[in-house]
């Protein structure tokens with residue numbers, strides 16, 4: 001017998017059509033949609049199925065609902081999702097609701113991105129890149145102070161959606177007097193800090209962090225390792 005788990009995610013009733021349209025932009029097919037006697041929808045993309053149920057007073061800004069999609073081609077899905085969102089909204093939404101986050105390698109052996117629908121549900125899409133990494137992200141924290149800061153800031157930003165907390169972690173690391181990050185670490189810290197400033201509505205601060213990131217000098221080898229951060233920098237500066 002084959003079992004299958006299907007996530008049931010909440011949706012503010014009046015946003016059901018907008019949420020269905022969002023998933024359509026990602027390549028999902030709407031296989032069921034009803035608005036009475038209660039709001040309910042089912043969207044499917046290949047083997048991935050998501051069911052959505054309506055709640056009249058649901059507040060998307062407080063949502064912590066999410067599910068994880070494992071794939072063997074996270075880069076391919078990321079490109080398809082971004083293309084679909086741009087076609088749907090005329091731009092790639094990176095802030096507010098809906099939005100799609102950056103694609104990046106996590107220190108716990110996963111390459112992933114997050115997509116959040118108009119009602120606040122976050123779909124995490126990832127691909128395992130290191131089978132030897134700990135299953136618990138907290139166990140994967142690097143020992144190096146700056147690598148650890150990046151690791152923890154990523155967790156605070158993506159897993160907890162605690163942008164102020166993530167910003168404080170980076171600020172402490174960058175303000176250390178007796179230790180300095182490598183150029184690659186500095187670039188990643190500055191780009192993430194600028195990203196966080198934008199998410200917190202601090203446009204002027206974001207501009208300063210991102211301008212500082214643009215001044216970091218990298219070797220050719222470091223540029224290859226920094227491809228995700230450089231792509232995010234270009235997107236944020238655009």
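The values are calculated or read from the model by the stated rules, or taken from the named source; none is laboratory data. As the structure is a computational prediction, the values presented were derived from the model and not from experiment. All Cβ positions, glycine included, derive from the backbone under ideal geometry; neighbour counts span all protein chains shown.
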Number of positions in region 197-238 that are in contact with a helix residue (DSSP H, G or I) (Cβ under 8 Å, 6 or more places away or on another chain), surrounded by 13 or more Cβ atoms within 10 Å (Cβ to Cβ) and in contact (Cβ under 8 Å) with a residue 24 or more places away in the chain: 18
All positions within region 21-58 that are closer than 22 Å to residue 85 by Cβ and in contact (Cβ under 8 Å) with a residue 24 or more places away in the chain: 21, 22, 23, 24, 25, 26, 27, 41, 49, 50, 51, 52
Residue tally, condition out of contact with any helix residue (DSSP H, G or I) (no Cβ under 7 Å at 6 or more places or on another chain), without any contact (Cβ under 8 Å) to a residue 24 or more places away in the chain and within 15 Å of residue 26 (Cα to Cα), over region 79-116: 8
Filtered residues of region 1-20 (kept if surrounded by fewer than 16 Cβ atoms within 10 Å (Cβ to Cβ) and under 21 Å from residue 88 (Cβ atoms)): 14, 17, 18
Could you go through region 189-196 and let me know if any residue there is out of contact with any strand residue (DSSP E or B) (no Cβ under 7 Å at 6 or more places or on another chain), loosely packed, with under 12 Cβ neighbours inside 10 Å and closer than 19 Å to residue 147 by Cβ. no
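Yes/no matrix, rows are residues, columns are (1) at pLDDT 95 or above; (2) assigned to a helix (DSSP H, G or I); (3) not assigned by TED's automatic domain parsing to the domain that holds residue 169:
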residue	(1), (2), (3)
191	yes, yes, no
197	yes, yes, no
201	no, no, no
204	yes, yes, no
207	yes, yes, no
210	yes, yes, no
213	yes, yes, no
231	no, yes, no
236	no, yes, no
Counting only residues that are exposed (fewer than 13 other Cβ atoms within 10 Å of the Cβ) and closer than 15 Å to residue 118 by Cα, region 55-82 contains a total of 6
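Kindly indicate whether residue 174 is within 17 Å of residue 103 (Cα to Cα), assigned by TED's automatic domain parsing to the domain that holds residue 147 and either within 19 Å of the chain's Cα centre (by Cα) or modelled with pLDDT of 95 or more (or both). Quick ask: steps written out before the conclusion?
Details: within 17 Å of residue 103 (Cα to Cα): no; assigned by TED's automatic domain parsing to the domain that holds residue 147: yes; either within 19 Å of the chain's Cα centre (by Cα) or modelled with pLDDT of 95 or more (or both): yes.
Against the criterion (within 17 Å of residue 103 (Cα to Cα), assigned by TED's automatic domain parsing to the domain that holds residue 147 and either within 19 Å of the chain's Cα centre (by Cα) or modelled with pLDDT of 95 or more (or both)), residue 174 does not qualify.
Can you find a residue that is in contact with a strand residue (DSSP E or B) (Cβ under 7 Å, 6 or more places away or on another chain) and either part of a loop (DSSP other than H, G, I, E, B) or farther than 27 Å from residue 159 by Cβ (or both) anywhere in region 47-61?
Here is the first cut: in region 47-61, the ones in contact with a strand residue (DSSP E or B) (Cβ under 7 Å, 6 or more places away or on another chain) are 48-55, 58, 60.
When the remaining residues are screened for being either part of a loop (DSSP other than H, G, I, E, B) or farther than 27 Å from residue 159 by Cβ (or both), the result is 58.
Yes: one or more hits.
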